[in-house]
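Report on the following structure.
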Amino acid sequence: MKNKKEKTDSSCTGPHKVKLEKWISCAPFEDLLGIKIINAKDGHAHLTMPFVFKLAQGKGLAHGGAIVTLADTAVAMAIKSIIPPNSRFGTISLNSEFLAPVTKGVLTSKAKVKLLENRIIQGFSTVFDENDREVMNFSAIFKLAKDVNILEAVLKNISD
């Protein structure tokens, strides 16, 4: 007989069907972290995330993975702002450079994207602490699915 913690049915372990409220919105994991979308338009995005106790690592600092999630999500929202709703894309590589520790407050991520070639987009984000101090620089490469077209109205702006 298994106890409740050892539950192994698929409702706990997936697959899970996710239906977002709207195209530019947070997925369940990002919502769990408290990420909020302030703005996402024309290949740019501005997101925030509070540093709460559950996001701390063993020494009481903000966990690097949570900060990377904020930056990656900001770039994803910048991408969503230039492609049609329900388009598919994914991160294929990322790099993060931690500049300062975070011990409190609300983090802010400001992201922008540029088209490298056909279906490849490069994204950049800087994460700031509540004192507007840079705490992390982030860059990533994303690939759009074959059937995705970048919205013509913003294509020129992000290619420069």
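Run E21 past the list (1) more than 17 Å from F138 (Cβ to Cβ); (2) part of a loop (DSSP other than H, G, I, E, B); (3) modelled with pLDDT of 90 or more and report the number of the one that doesn't hold.
Every condition holds for E21 apart from (3).
Looking at region 65-89, which of its residues are β-branched (V, I, T), outside any loop (DSSP other than H, G, I, E, B) and within 30 Å of N149 (Cβ to Cβ)?
Residues of region 65-89 that are β-branched (V, I, T), as a first pass: 67-69, 73, 75, 79, 82-83.
Right, trim to outside any loop (DSSP other than H, G, I, E, B) and you get 67-69, 73, 75, 79.
Matches in region 65-89: V68, T69, T73, V75, I79.
Which one is farthest from G123 (Cα to Cα) among residues in region 26-50 that are assigned to a loop (DSSP other than H, G, I, E, B) and of a type in the set (G, A, S)? Let's see the steps before the verdict.
Step one: of region 26-50, the residues assigned to a loop (DSSP other than H, G, I, E, B) are 26-27, 33-35, 42-43.
Add one more test, that the residue is of a type in the set (G, A, S), and what stays is 27, 34, 43.
Working: A27: 19, G34: 22, G43: 9 Å.
The qualifying residue farthest from G123 (Cα to Cα) is G34.
Which of the residues that make up region 81-125 are modelled with pLDDT under 95 and charged (D, E, K, R)?
Result: R88, K114, E117, R119.
Restricting to region 96-136, name every residue that is part of a strand (DSSP E or B), touching a Leu at 6+ places or on another chain (Cβ under 9 Å) and charged (D, E, K, R).
Correct list: K110, E134.
Give region 51-64 a look and list any residue that's touching a residue at least 12 places away in the same chain (Cβ under 8 Å), surrounded by 15 or more Cβ atoms within 10 Å (Cβ to Cβ) and not in a helix (DSSP H, G or I), or say none.
Scanning region 51-64 gives F51, L61, A62.
Could you run through region 65-100 and say how many residues are touching a residue at least 60 places away in the same chain (Cβ under 8 Å), more than 20 Å from V135 (Cα to Cα) and among the small types (G, A, S)?
Qualifying residue count for the region: 2.
Just a yes or no: is a residue in region 69-79 over 15 Å from A45 (Cα atoms) and surrounded by fewer than 20 Cβ atoms within 10 Å (Cβ to Cβ)? Give the derivation first.
Residues of region 69-79 that are over 15 Å from A45 (Cα atoms), as a first pass: none.
So far as region 69-79 goes, no, none of its residues is over 15 Å from A45 (Cα atoms) and surrounded by fewer than 20 Cβ atoms within 10 Å (Cβ to Cβ).
The values are calculated or read from the model by the stated rules, or taken from the named source; none is laboratory data. Just so it is clear, the structure is predicted and the values come from calculations on it, not from any experiment. Every residue, glycine as well, gets a Cβ built from its backbone with ideal geometry; the counts of neighbours run over all protein chains shown.
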